[in-house]
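Here is the structure we will look at, set down as structure tokens.
The values are calculated or read from the model by the stated rules, or taken from the named source; none is laboratory data. No experiment lies behind these values; they were computed from the predicted model shown. Cβ sites come from the backbone with ideal geometry, for glycine too, and all protein chains shown count toward neighbours. Just the protein is used for accessible areas: all its heavy atoms, side chains included, with ligands, DNA and RNA removed. Shrake-Rupley method; radii C 1.70, N 1.55, O 1.52, S 1.80 Å.
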Amino acid sequence: MRRENRPCSVAFGVLFFVLLAAVAGLARAGQAAAAELTNATIKLDFLIGGKHAPWFVALEKGFYAKRGMAATIQVGSGSADTVRAIASGGADFGFADISTAIVARSRGTPIQTVAQFGYVPTTIMWREDTNIKKLKDLEGKSFAISPGQAQWFLMPAYCRINKVDYKAIRIQETAAPLQPAALVAKKADFIVMYRASNDEVAELAAAKQGMKLNRIFMKDTGLDIYGTGLIVKDDDLKKRPELVRAYVEATLEGLRYARDNQEESLRILLKHKPELDQYLTTVQLKNALTEVFLPPESIQSGLGYMRPDITEKTVKIVNEFFDMGRKVTSTEVFTNQFIKR
């Protein structure tokens, strides 16, 4: 009987070693594929919230990896900080306020915007019981703001456009995460928030205290210019254009997927950031996809596409009203070369 079983034993042994070699081959192939990915750090504009789902979708669904990127996503603490991190090499790519990026460019920071994510989404918010009925009423009121934020640059320009005396506003330096609480606690008269981000945080905090907030959208009152976008270094545009293309196309694919699969995208974001409040995150993502990130040109001409007339207007307003180092041109700060139309 033992002689009859020997061929089976030999066959089993051969099969075992074949399978072992196949597994080893797959492991080596996987290691080689991983080794081919280029590490890239993406720094966002602010604390993680619902609007940031497209980046985590792109990470989770492999949109970065299939284009050769091993992406790491970093939390931000304001657009000015994100721009500085990109310029100094602390991050490869970013998502930040475009006006802040233009101001930085005017002061010698070699960065460009390679895709837009909608018009200025900033809102001026105040308690309904505050004596603010029109923009001029902001004069003499207290404004909770931090120097690292895009609003630090936006608000003086917005006031000039609307003939409000910015110097008459009382600046109350407050860390960005604490500003909604400062408004609700009546430690500040008004704040400037971002729709699909901390605007909803302030709204929720007020609702919990039985307060009603009023708001004005800056884009509807003089600042109808591009708001946030994907930011990269000039050096990478020249030396690593394919990596830039990978970042742009994968992130926009993440945005498209989030638009078409909102509930799944929310689950992906909460998987990576389980500490987020589900209700707040849901509202932020919905508002980002329906009110902020997808202006008509993104639908008509391609996600992220920047209209020349709006880029010109954006640069013109920033040149005229912001604290610039020098005047810049739209071709210095915007490029559509990575947008699929």
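For the stretch 189-207, the count of residues that are surrounded by fewer than 18 Cβ atoms within 10 Å (Cβ to Cβ) and assigned to a loop (DSSP other than H, G, I, E, B) is zero.
Considering the conditions (1) open to solvent by less than 30 Å² (accessible area, probe 1.4 Å); (2) modelled with pLDDT of 95 or more; (3) of a type in the set (A, V, I, L, M, F, W, C); (4) under 27 Å from residue 225 (Cα atoms), residue 40 is excluded by exactly one of them, (4).
Suppose we filter 97, 92, 137 for residues that are surrounded by fewer than 24 Cβ atoms within 10 Å (Cβ to Cβ) and touching a residue at least 24 places away in the same chain (Cβ under 8 Å); which single one remains?
Working: 97 fails: surrounded by fewer than 24 Cβ atoms within 10 Å (Cβ to Cβ); 137 fails: touching a residue at least 24 places away in the same chain (Cβ under 8 Å).
The conditions single out 92.
Please tell me if residue 66 is of a type in the set (D, E, K, R), open to solvent by 80 Å² or more (accessible area, probe 1.4 Å), out of contact with any Phe, Trp or Tyr (no Cβ under 7 Å at 6 or more places or on another chain) and modelled with pLDDT of 95 or more. Answer is yes for this residue.
Look at the stretch 231-248: where a residue is closer than 16 Å to residue 104 by Cβ and charged (D, E, K, R) and a partner is modelled with pLDDT under 95 and surrounded by 13 or more Cβ atoms within 10 Å (Cβ to Cβ), sitting 6+ places away or on another chain with Cβ atoms under 8 Å, you get 233/87.
Which count do you get for residues in the stretch 320-335 that are of a type outside the set (Asp, Glu), under 16 Å from residue 111 (Cα atoms) and touching a residue at least 40 places away in the same chain (Cβ under 8 Å)?
Taking the stretch 320-335 as the starting set, the residues that turn out to be of a type outside the set (Asp, Glu) are 321-322, 324-331, 333-335.
This time we only want the ones that are under 16 Å from residue 111 (Cα atoms), so: 324-331, 333-335.
With touching a residue at least 40 places away in the same chain (Cβ under 8 Å) added as a condition, the list becomes 324-328, 333-335.
Residues flagged as of a type outside the set (Asp, Glu), under 16 Å from residue 111 (Cα atoms) and touching a residue at least 40 places away in the same chain (Cβ under 8 Å) within the stretch 320-335 amount to 8.
Does residue 327 count as at pLDDT 95 or above, open to solvent by 60 Å² or more (accessible area, probe 1.4 Å) and part of a helix (DSSP H, G or I)? Spelling it out, it is not the case that residue 327 is at pLDDT 95 or above, open to solvent by 60 Å² or more (accessible area, probe 1.4 Å) and part of a helix (DSSP H, G or I).
Residues in the stretch 166-189 that are within 24 Å of the chain's Cα centre (by Cα) and either under 20 Å from residue 214 (Cβ atoms) or of a type in the set (S, T, N, Q) (or both): 174, 179, 180, 181.
Number of residues in the stretch 257-309 that are crowded, with 19+ Cβ neighbours inside 10 Å, among the aromatic types (Phe, Trp, Tyr) and touching a helix residue (DSSP H, G or I) at 6+ places or on another chain (Cβ under 6 Å): the value is 1.
Within the stretch 150-170, can one find any residue that is open to solvent by less than 30 Å² (accessible area, probe 1.4 Å), outside any helix (DSSP H, G or I) and within 28 Å of residue 290 (Cα to Cα)? Yes - at least one qualifying residue is present in the stretch 150-170.
In the stretch 215-224, which residue that is in contact (Cβ under 8 Å) with a residue 24 or more places away in the chain and assigned to a helix (DSSP H, G or I) is surrounded by the fewest Cβ atoms within 10 Å (Cβ to Cβ)?
219
Only one of the numbered conditions (1) touching a residue at least 24 places away in the same chain (Cβ under 8 Å); (2) under 20 Å from residue 240 (Cα atoms); (3) over 17 Å from the mean Cα position of the chain (by Cα) is violated by residue 61, and that is (2).
The set of residues in the stretch 285-299 being outside any loop (DSSP other than H, G, I, E, B) and either hydrophobic (A, V, I, L, M, F, W, C) or modelled with pLDDT under 95 (or both) consists of 285, 288, 289, 292, 299. Here residue 317 fulfils each of the conditions (1) under 19 Å from the mean Cα position of the chain (by Cα); (2) touching a residue at least 24 places away in the same chain (Cβ under 8 Å); (3) part of a helix (DSSP H, G or I) apart from (1). Here residue 48 meets the list (1) within 13 Å of the chain's Cα centre (by Cα); (2) crowded, with 23+ Cβ neighbours inside 10 Å; (3) at pLDDT 95 or above almost entirely, failing just condition (2).
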